[in-house]
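Below is one structure, written out as structure tokens; the observations come after it.
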Amino acid sequence: MTKGTPSMGHKNRITHIRCRRCGRVAYRTDKKYCAACGYGKTAKIRSYNWQTHNVHRQRVR
């Protein structure tokens, strides 16, 4: 198997479907968890401090 154009023909599998908790198309069908909210892995909503970077950069006058 070569690495170029013929390999692209095998990429016809759906990896992400709509998540039932957050509604985004980020639920992985093979690993059974949502990449956006963490549904399927944990009961807590997936969130990180680097996601809300605009809060830290408020302009002080």
*Among the residues of the stretch 16-40, write down those that are hydroxyl-bearing (Ser, Thr, Tyr) and assigned to a strand (DSSP E or B).*
Tyr27, Tyr33
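Going through the stretch 42-61 one residue at a time, which ones are assigned to a loop (DSSP other than H, G, I, E, B), under 24 Å from Arg21 (Cβ atoms) and either under 15 Å from the mean Cα position of the chain (by Cα) or modelled with pLDDT under 80 (or both)?
Thr42, Ile45, Arg46, Ser47, Tyr48, Thr52, listed by residue number.
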_Testing Ser7 on (1) at pLDDT 95 or above; (2) surrounded by 10 or more Cβ atoms within 10 Å (Cβ to Cβ), one condition comes back false. Which one is that?_
(1)
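The values are calculated or read from the model by the stated rules, or taken from the named source; none is laboratory data. What you see is a predicted model; the values in this text were computed from it and never measured. Reconstructed Cβ throughout: ideal geometry from the backbone, glycine too, with neighbour counts over all protein chains shown.
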